[in-house]
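Visitor: Dropping a structure here in structure tokens format, bear with me for questions.
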Amino acid sequence: MRAFRLLVQRDLRLAFRQGGDAAMVVGFFVLTVILFPFGVGPEPEILARIGAGVIWVTALLAALLSLDRLFTADYEDGSLEILALSPLPLEAVVVAKCLAHWIVTGLPLVLAAPLLALFLNLDAAGYPVLILAMLLGTPSLSLIGAVGAALTLGARRGGVLLSLLILPLYIPVLIFGVAAVEAAIGGLSFRPHLMILGAFMLAAIPLSPLATAAALRQALE
Amino acid sequence: MRLSAAVLPWCAIATALTLGVGLYLALFVAPPDYQQGEAVRIMFIHVPAAWMAMFVYGNLALASAVALIWRHPLADLAGQAAAPLGAGFTLLCLVTGSLWGQPMWGTWWVWDARLTSVLVLFFLYLGYIALVNAFDEPTRGARAGAILALVGVVNIPIIKFSVDWWNTLHQPASIMRMGGPTIDASMLWPLFLMAIGFTLYFLTVLLIRIRTAIIARKLQVLRMAELEPDEDFAGARSAS
Amino acid sequence: MSQGVTHFLEMGGYARFVWPAFGLAGVLLVGMLVQSLRAYRQRQGELERLQQDGRGRRR
């Protein structure tokens with residue numbers, strides 16, 4: 001457990017020392033969402049209608065943006081091999097790295113989302129649900145993305161390949177994330193959607209590290 | 001290798017026969033649908049292609065599991081040989097679905113749950129193929145692809161469930177029932193034969209592709225062996 | 001007779017949907033088969049050449 005905590009702290013410290021990572025992801029998120037009014041026009045009704053979807057889709061892309069560096073640095077400087085040899089199982093290493101990744105990129109996305117909802121004139125009823133849904137959904141994004149990041153380690157054109165592999169797997173999170181917000185705005189029950197999002201996360205916590213660790217092992221062989 | 005050589009011609013003949021009879025029944029014998037008219041004949045391509053898209057993915061996943069658990073080299077080759085065929089069938093299913101949808105629904109594409117799921121499946125195939133070919137070392141690509149195929153197996157039901165659910169939420173205004181309530185025997189037979197024909201075709205081409213991959217392995221080994229003694233270097237160069 | 005053929009080819013007015021569907025099926029299936037066969041022949045040829053080379057040198 002101590003080793004786990006240390007690993008998370010190490011990753012966080014690395015991310016903060018280099019800075020930039022979280023800022024870049026949030027910057028991309030905000031800028032891309034801001035492009036939409038230019039694309040579809042500034043009418044508040046249209047923006048309100050598509051707001052939840054735009055925020056979620058952009059959040060997926062922003063999360064994807066930072067994924068290809070999840071393991072690359074450790075892989076290239078050899079610390080990944082040391083981590084694999086450490087007494088901590090590789091699956092736990094993966095969870096720790098995902099947790100750090102989520103704190104650095106997922107959490108800022110959640111915090112930036114209400115601001116963007118404001119820009120897009122989202123109905124006030126949607127705000128709390130949007131935040132809740134993103135809190136439940138973004139960890140799944142980090143976890144699922146970790147599989148792709150591990151699989152594409154050392155591949156040619158890893159970044160583009162990563163998006164091809166991972167975006168289809170993000171569809172369920174997108175569907176239920178948007179549905180929760182739209183249900184809340186429409187005055188319907190949004191609990192089932194949030195529960196399904198939570199179920200995705202709970203399923204991803206054991207399954208994704210399993211696959212990711214397997215992929216990392218074969219990359220290190 | 002020898003077994004496949006013995007089976008291959010029979011597979012090829014059986015493929016040609018079933019596809020021939022199936023096509024004949026599909027085009028000449030099966031009656032036009034009372035609602036959809038002659039357009040219903042697209043079904044005899046579309047539905048078997050959809051079955052194959054899933055069947056081939058099942059094979060790919062099975063081969064991947066065998067490759068990962070028992071590290072059997074043949075399983076890797078089988079998976080890699082199957083994937084492009086699966087992608088082909090999935091593409092066929094999508095395009096014929098679109099060609100069927102245009103006269104029936106009035107648009108080339110509807111975000112129907114089934115069409116959408118198949119589209120996602122197509123991207124999974126493409127991702128697998130791209131991943132397998134993205135490494136300089138073929139074994140790494142094979143191993144990574146196998147893991148991805150298994151991840152896909154876990155995800156396909158989840159994606160299917162999400163898309164179904166999403167589709168009932170956004171139900172398009174008018175959706176026609178596919179095929180009608182009951183399928184007459186005169187339609188079932190060609191459908192059945194076409195499906196078997198597609199399966200046999202898949203087996204035949206899969207065998208050819210696996211044999212090709214085995215030969216490629218042999219070539220690699222032979223070339224490595226040739227490279228070892230120094231004086232043979234020039235000879236190996238000219239042969240390659 | 002020829003009227004029967006045209007009638008058949010018209011597919012009840014759905015010709016432009018039915019025939020591309022069957023055509024694509026044919027093109028795809030034949031294409032995948034031909035591509036696989038060609039790769040097979042090519043590799044087989046290379047293997048034979050290499051084996052003959054090796055035998056020649058050993059002698």
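The values are calculated or read from the model by the stated rules, or taken from the named source; none is laboratory data. Note that the structure is a prediction, hence the values are computed from the model and not measured. Virtual Cβ from ideal backbone geometry, glycine too; neighbours counted across all protein chains shown. Remember, those area values only see protein heavy atoms, side chains included, never the ligands or the DNA or RNA. Shrake-Rupley method; radii C 1.70, N 1.55, O 1.52, S 1.80 Å.
Visitor: With the condition kept exactly as written, say whether any residue in region A:131-142 is out of contact with any Gly (no Cβ under 9 Å at 6 or more places or on another chain), touching a residue at least 12 places away in the same chain (Cβ under 8 Å) and more than 19 Å from B:Val120 (Cβ to Cβ).
Guide: Yes, there is a match, as at least one residue in region A:131-142 is out of contact with any Gly (no Cβ under 9 Å at 6 or more places or on another chain), touching a residue at least 12 places away in the same chain (Cβ under 8 Å) and more than 19 Å from B:Val120 (Cβ to Cβ).
Visitor: Identify all residues within region A:143-164 that are without any contact (Cβ under 8 Å) to a residue 60 or more places away in the chain, touching a Leu at 6+ places or on another chain (Cβ under 9 Å) and part of a helix (DSSP H, G or I); write none if there are none.
Guide: Step one: of region A:143-164, the residues without any contact (Cβ under 8 Å) to a residue 60 or more places away in the chain are A:155-157, A:160-161, A:164.
From the residues that got through so far, the ones that are touching a Leu at 6+ places or on another chain (Cβ under 9 Å) too are A:155, A:161, A:164.
Within region A:143-164, A:Leu161, A:Leu164 qualify.
Visitor: Turning to a different aspect of this structure: Kindly provide the set of residues from region B:133-147 that are open to solvent by 20 Å² or more (accessible area, probe 1.4 Å) and in a helix (DSSP H, G or I), ordered by number.
Guide: Let us first name the residues in region B:133-147 that are open to solvent by 20 Å² or more (accessible area, probe 1.4 Å), namely B:133, B:136-140, B:143.
Selection gives B:Pro138, B:Thr139, B:Arg140, B:Arg143.
Visitor: How many residues are more than 9 Å from every other protein chain (Cβ to nearest Cβ) and open to solvent by less than 30 Å² (accessible area, probe 1.4 Å) if we restrict to region B:207-218?
Guide: Of the residues in region B:207-218, 1 are more than 9 Å from every other protein chain (Cβ to nearest Cβ) and open to solvent by less than 30 Å² (accessible area, probe 1.4 Å).
Visitor: Return yes or no: is A:Leu64 under 19 Å from A:Leu31 (Cβ atoms), touching a Gly at 6+ places or on another chain (Cβ under 9 Å) and in a helix (DSSP H, G or I)? Walk me through how you get there before you give the answer.
Guide: Working: under 19 Å from A:Leu31 (Cβ atoms): yes; touching a Gly at 6+ places or on another chain (Cβ under 9 Å): yes; in a helix (DSSP H, G or I): yes.
Answer is yes for this residue.
Visitor: Report the residue count in region A:17-47 for those that are farther than 13 Å from A:Pro108 by Cα and assigned to a helix (DSSP H, G or I).
Guide: The total comes to 16.
Visitor: Only one of B:Ala81, B:Ala49, B:Ala39, B:Ala26 is in contact (Cβ under 8 Å) with a residue 12 or more places away in the chain, assigned to a helix (DSSP H, G or I), over 30 Å from C:Leu9 (Cα atoms) and touching a helix residue (DSSP H, G or I) at 6+ places or on another chain (Cβ under 8 Å). Can you tell me which?
Guide: The unique qualifying residue is B:Ala81.
Visitor: Those residues that are open to solvent by 40 Å² or more (accessible area, probe 1.4 Å) and either more than 7 Å from every other protein chain (Cβ to nearest Cβ) or in contact with a Ser or Thr (Cβ under 7 Å, 6 or more places away or on another chain) (or both), I need them from region C:25-51; list them, please.
Guide: Selection gives C:Val27, C:Val30, C:Val34, C:Gln35, C:Arg38, C:Tyr40, C:Arg41, C:Gln42, C:Arg43, C:Glu48, C:Gln51.
Visitor: Only one residue in A:Leu132, A:Leu167 is of a type outside the set (Phe, Trp, Tyr), more than 10 Å from chain B (Cβ to nearest Cβ) and assigned to a helix (DSSP H, G or I), so which one is that? Spell out the reasoning first.
Guide: On the way: A:Leu167 fails: more than 10 Å from chain B (Cβ to nearest Cβ).
Exactly one of A:Leu132, A:Leu167 is of a type outside the set (Phe, Trp, Tyr), more than 10 Å from chain B (Cβ to nearest Cβ) and assigned to a helix (DSSP H, G or I), namely A:Leu132.
Visitor: Inspect all residues belonging to region A:90-107 and state whether any of them is touching a Leu at 6+ places or on another chain (Cβ under 9 Å) and not in a helix (DSSP H, G or I).
Guide: There is no residue in region A:90-107 that is touching a Leu at 6+ places or on another chain (Cβ under 9 Å) and not in a helix (DSSP H, G or I).
Visitor: Could you tell me which numbered condition B:Phe44 fails, if it satisfies all but one of (1) under 23 Å from B:Gly20 (Cβ atoms); (2) within 11 Å of another protein chain (Cβ to nearest Cβ); (3) surrounded by fewer than 24 Cβ atoms within 10 Å (Cβ to Cβ)?
Guide: Going through the list (1) under 23 Å from B:Gly20 (Cβ atoms); (2) within 11 Å of another protein chain (Cβ to nearest Cβ); (3) surrounded by fewer than 24 Cβ atoms within 10 Å (Cβ to Cβ), B:Phe44 breaks only (3).
Visitor: Suppose we keep only residues that are of a type in the set (Gly, Ala, Ser) and within 11 Å of another protein chain (Cβ to nearest Cβ) within region A:181-204. Which one would you say is farthest from B:Asn155 (Cα to Cα)? Before the answer, list the steps.
Guide: Filtering region A:181-204 for residues of a type in the set (Gly, Ala, Ser) gives A:183-184, A:186-187, A:189, A:198-199, A:203-204.
When the remaining residues are screened for being within 11 Å of another protein chain (Cβ to nearest Cβ), the result is A:183, A:186, A:199, A:203-204.
Working: A:Ala183: 25, A:Gly186: 29, A:Ala199: 14, A:Ala203: 11, A:Ala204: 10 Å.
Of everything passing the filter in region A:181-204, A:Gly186 is farthest from B:Asn155 (Cα to Cα).
Visitor: Here is a further query. Are any residues in region A:113-129 part of a helix (DSSP H, G or I), of a type in the set (A, V, I, L, M) and open to solvent by less than 10 Å² (accessible area, probe 1.4 Å), and if so, which ones? Before the answer, list the steps.
Guide: Residues of region A:113-129 that are part of a helix (DSSP H, G or I), as a first pass: A:113-119, A:126-129.
This time we only want the ones that are of a type in the set (A, V, I, L, M), so: A:113, A:115-118, A:129.
Passing the criteria: A:Ala113, A:Leu116, A:Ala117, A:Val129.
Visitor: Say whether the condition of being surrounded by fewer than 13 Cβ atoms within 10 Å (Cβ to Cβ) and closer than 23 Å to A:Leu174 by Cα is met by at least one residue in region A:45-60.
Guide: Taking region A:45-60 as the starting set, the residues that turn out to be surrounded by fewer than 13 Cβ atoms within 10 Å (Cβ to Cβ) are A:45.
Cutting the leftovers down to closer than 23 Å to A:Leu174 by Cα gives us A:45.
There is at least one residue in region A:45-60 that is surrounded by fewer than 13 Cβ atoms within 10 Å (Cβ to Cβ) and closer than 23 Å to A:Leu174 by Cα.
Visitor: Shifting gears a bit: Out of the residues in region A:169-221 that are among the aromatic types (Phe, Trp, Tyr) and closer than 25 Å to B:Leu126 by Cβ, state the one that is surrounded by the fewest Cβ atoms within 10 Å (Cβ to Cβ). Step through it out loud before you land on a result.
Guide: Residues of region A:169-221 that are among the aromatic types (Phe, Trp, Tyr), as a first pass: A:170, A:176, A:190, A:200.
In the following step, the residues that additionally are closer than 25 Å to B:Leu126 by Cβ were identified as A:170, A:176, A:200.
Values: A:Tyr170: 25, A:Phe176: 28, A:Phe200: 23.
Of everything passing the filter in region A:169-221, A:Phe200 is surrounded by the fewest Cβ atoms within 10 Å (Cβ to Cβ).
Visitor: Okay, next question. For residues in region B:148-168 being open to solvent by less than 20 Å² (accessible area, probe 1.4 Å) and farther than 17 Å from B:Leu68 by Cβ, which is farthest from the other protein chains (Cβ to nearest Cβ)?
Guide: Ranking the candidates gives B:Asn167 first.
Visitor: Is it true that some residue in region B:183-200 is small (Gly, Ala, Ser) and at pLDDT below 85? So that I can check it myself, show each step before the final result.
Guide: Within region B:183-200, the first condition is being small (Gly, Ala, Ser), and the residues that meet it are B:185-186, B:195, B:197.
Add one more test, that the residue is at pLDDT below 85, and what stays is B:185-186.
There is at least one residue in region B:183-200 that is small (Gly, Ala, Ser) and at pLDDT below 85.
Visitor: Quick check, is A:Ala146 open to solvent by less than 20 Å² (accessible area, probe 1.4 Å) and within 14 Å of chain B (Cβ to nearest Cβ)?
Guide: Working: open to solvent by less than 20 Å² (accessible area, probe 1.4 Å): yes; within 14 Å of chain B (Cβ to nearest Cβ): yes.
When the stated conditions are applied, A:Ala146 passes them.
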